Amino acid sequence: FDGTLYGNPVWDPNGRVDGALKFDGDGDYVKITGWRGIAGANSRTVCAWIKTDSTTVGEIISWGGDADGERWLLMLKASGELRLAVVSGSVNGTKQINDGFWHHVAAVLPVGALDVSDVKLYVDGIEESTTSTSQAINTAGVYDVKIGVFGSSLRYFNGLIDEVRIYN
């Protein structure tokens, strides 16, 4: 799907794969108008290459709704670890990745899984040790897929994002 740029993300030719978008953490994002991602508790894999040294919360890939379990939000915590949040539940990684180097990040909801605690997080191809708070997943088709922010939140990603992929 094609996306539309908002704010002033900048094309950086030194991306991980043939260039990347550089987000400054202040209003930059990409919106995939008309595509609301994978709904319900259907299995999925969401991944991207990221590079940041930011110490603020940064949302990488998102879609869904605002009620319990309705959101699908892959993000970087202010402390530098990967997090997948669904409203009232999350799974949190332990590896600090806001070190200014490229990292491949992924969140996988396996076939048959129904709760955010079943999501597996990966950094650079290695499954993360995680902590989680339980919440049934029922991703809603409210907001279009966005890269660099969620819905109407103001937590914009600060760094480079490349090769975003969403698989069903």
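The values are calculated or read from the model by the stated rules, or taken from the named source; none is laboratory data. What you are looking at is a predicted structure, and each value in this text was computed from that prediction instead of being measured. FYI the Cβ positions are ideal-geometry reconstructions off the backbone, even for glycines, and counts take in every protein chain you see. For the accessible areas, the whole protein counts, side chains as well, though only heavy atoms, and no ligand, DNA or RNA atoms are used. Shrake-Rupley method; radii C 1.70, N 1.55, O 1.52, S 1.80 Å.
Among the residues of segment 63-110, the one identified as acidic (Asp, Glu), crowded, with 17+ Cβ neighbours inside 10 Å and over 19 Å from Phe157 (Cα atoms) is Glu70. In this structure, does Asp162 turn out to be in contact (Cβ under 8 Å) with a residue 40 or more places away in the chain, under 23 Å from Asp12 (Cα atoms) and in contact with a Lys or Arg (Cβ under 7 Å, 6 or more places away or on another chain)? Spelling it out, Asp162 is indeed in contact (Cβ under 8 Å) with a residue 40 or more places away in the chain, under 23 Å from Asp12 (Cα atoms) and in contact with a Lys or Arg (Cβ under 7 Å, 6 or more places away or on another chain).
Filtered by the rule that a residue be over 14 Å from the mean Cα position of the chain (by Cα) and within 24 Å of Ala78 (Cα to Cα), segment 24-49 gives Asp24, Gly25, Asp26, Gly27, Asp28. The numbered conditions (1) in contact (Cβ under 8 Å) with a residue 12 or more places away in the chain; (2) open to solvent by 10 Å² or more (accessible area, probe 1.4 Å); (3) outside any loop (DSSP other than H, G, I, E, B) are all true for Val46 except (2). The residue pairs whose first member lies in segment 1-23 and is open to solvent by 100 Å² or more (accessible area, probe 1.4 Å), whose second member is hydroxyl-bearing (Ser, Thr, Tyr), and whose beta carbons are closer than 9 Å, counting only pairs six or more residues apart or on different chains, are Phe1/Thr33; Asp2/Thr33. Gly37 - would you say it is assigned to a loop (DSSP other than H, G, I, E, B), buried (at least 17 other Cβ atoms within 10 Å of the Cβ), at negative phi and of a type in the set (Gly, Ala, Ser)? When the stated conditions are applied, Gly37 does not pass them. Only residues that are part of a strand (DSSP E or B) and either modelled with pLDDT under 95 or within 17 Å of Val145 (Cα to Cα) (or both): list them for segment 19-34, please. Answer for segment 19-34, where residues must be part of a strand (DSSP E or B) and either modelled with pLDDT under 95 or within 17 Å of Val145 (Cα to Cα) (or both): Leu21, Phe23, Tyr29, Val30, Lys31, Ile32. Listed by first and then second residue, the pairs with beta-carbon distance under 9 Å, at least 6 apart or on different chains, first residue in segment 56-79 and farther than 18 Å from Ile166 by Cα and of a type in the set (Ser, Thr, Tyr), second in a strand (DSSP E or B) and open to solvent by 40 Å² or more (accessible area, probe 1.4 Å), are Thr56/Asn158.
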